[in-house]
Amino acid sequence: MKLRRSGRLVDMTHYLLQNPQTLVPLSYFADRYQSAKSSISEDLGIIKQTFEQQGIGSLLTIPGAAGGVKYIPYTGLEEATQFIDELSELIAKPDRLLPGGYLYMTDILGNPKLLNKIGKMFATAFKDTKVDIIMTMATKGIPLAHAVASYLDVPVVIVRRDSRVTEGSTVSINYVSGSSKRIQTMVLAKRSLETGSNVLIIDDFMKAGGTVNGMVNLLAEFQANVAGIGVLVESENVEERLVEDYISLVKLENVNERDRQIEVNPGNFLTVMSKSNE
């Protein structure tokens, strides 16, 4: 289809946003718009500048016959700081408090706009990391993992408490819950992971880190690698943390069940992001 530059810019931007982390040959756009590659290159330069100015992400250009352009999503530091402040305020509402110091998070994990922003935040944190697949624990971590996967353009595998006949043969391990100290079981289908896969673990809430540590041990059974660990909310007041190397968006500092008060502060995401920009 033959389009004027304004039309090409709109359509090209839409295509790139819908296909993050995908290398697109310049010839694809040239054929799509019946335009010269030189014109496409100029258009991409305009899009790249706008993306970076607006904190949408960046365009990586790879030269050569096998090259092209790739959209790398990321969230700017200013936007990330503002969102984490808003998220902290939202989570700190007293009516979220549940027995045992847990928080009601279903409304957040069911909100597409919030999930979209959270997914992009984690994609930003791990944009320079080789990730082949995302792992999460059923059930609350599932929408979170898919939000991240949509920006990293990788599949998701779901660890469950028990096996499903629809998943075929499985690998199961026993692990110790970090908070309750109880022995629990987690299961993953054998077909879920290939040997040597680089796996990003995503979880919605972490106290002592028993569940995340269990997933790390499960990956060892598959001879897969831990590419990173991302946690939406971490609880600060724990006696022993079973996981050390992770990135969190917000931190649950103090919970007063009697007075129904919740203190929420930024996690280590902003610190990690600031260091990476130095």
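Quick look at the numbers
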quantity: Leading residue by the ranking (surrounded by the fewest Cβ atoms within 10 Å (Cβ to Cβ)) among those in the range 25-60 that are aromatic (F, W, Y) and either closer than 21 Å to Y74 by Cα or out of contact with any helix residue (DSSP H, G or I) (no Cβ under 8 Å at 6 or more places or on another chain) (or both); calculated: Y28
quantity: The lone exception for N237 - which of (1) in contact with a helix residue (DSSP H, G or I) (Cβ under 9 Å, 6 or more places away or on another chain); (2) closer than 23 Å to V171 by Cα; (3) at pLDDT below 95 it fails; calculated: (2)
quantity: One residue from L270, L242 being of a type in the set (A, V, I, L, M, F, W, C), open to solvent by less than 40 Å² (accessible area, probe 1.4 Å) and touching a helix residue (DSSP H, G or I) at 6+ places or on another chain (Cβ under 8 Å); calculated: L270
quantity: Residue in the range 54-62 that is in contact (Cβ under 8 Å) with a residue 60 or more places away in the chain, within 29 Å of F205 (Cα to Cα) and touching a Ser or Thr at 6+ places or on another chain (Cβ under 9 Å) present; calculated: no
quantity: Filter pass, D153 being at pLDDT 90 or above, among the charged types (D, E, K, R) and either in contact with a helix residue (DSSP H, G or I) (Cβ under 6 Å, 6 or more places away or on another chain) or more than 15 Å from V233 (Cβ to Cβ) (or both); calculated: yes
quantity: Options T129, T75, T136; residue that is in a loop (DSSP other than H, G, I, E, B), in contact (Cβ under 8 Å) with a residue 24 or more places away in the chain, surrounded by 17 or more Cβ atoms within 10 Å (Cβ to Cβ) and polar (S, T, N, Q); calculated: T75
quantity: Cβ-Cβ under 9 Å pairs, at least 6 apart or on other chains, the range 155-166 side free of Cβ contacts under 8 Å to residues at least 24 places away in the same chain and of a type in the set (G, A, S), far side open to solvent by 40 Å² or more (accessible area, probe 1.4 Å) and part of a loop (DSSP other than H, G, I, E, B); calculated: none
quantity: Any chance V216 is open to solvent by less than 40 Å² (accessible area, probe 1.4 Å) and either at pLDDT 90 or above or not in a loop (DSSP other than H, G, I, E, B) (or both); calculated: no
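The values are calculated or read from the model by the stated rules, or taken from the named source; none is laboratory data. The structure presented is a predicted model; accordingly, all values stated were derived computationally and were not measured. Cβ: placed from backbone, ideal geometry, glycine included. Neighbour counts: every protein chain shown. What goes into the accessible areas is simple: the full protein's heavy atoms, side chains included, and nothing from ligands, DNA or RNA. Shrake-Rupley method; radii C 1.70, N 1.55, O 1.52, S 1.80 Å.
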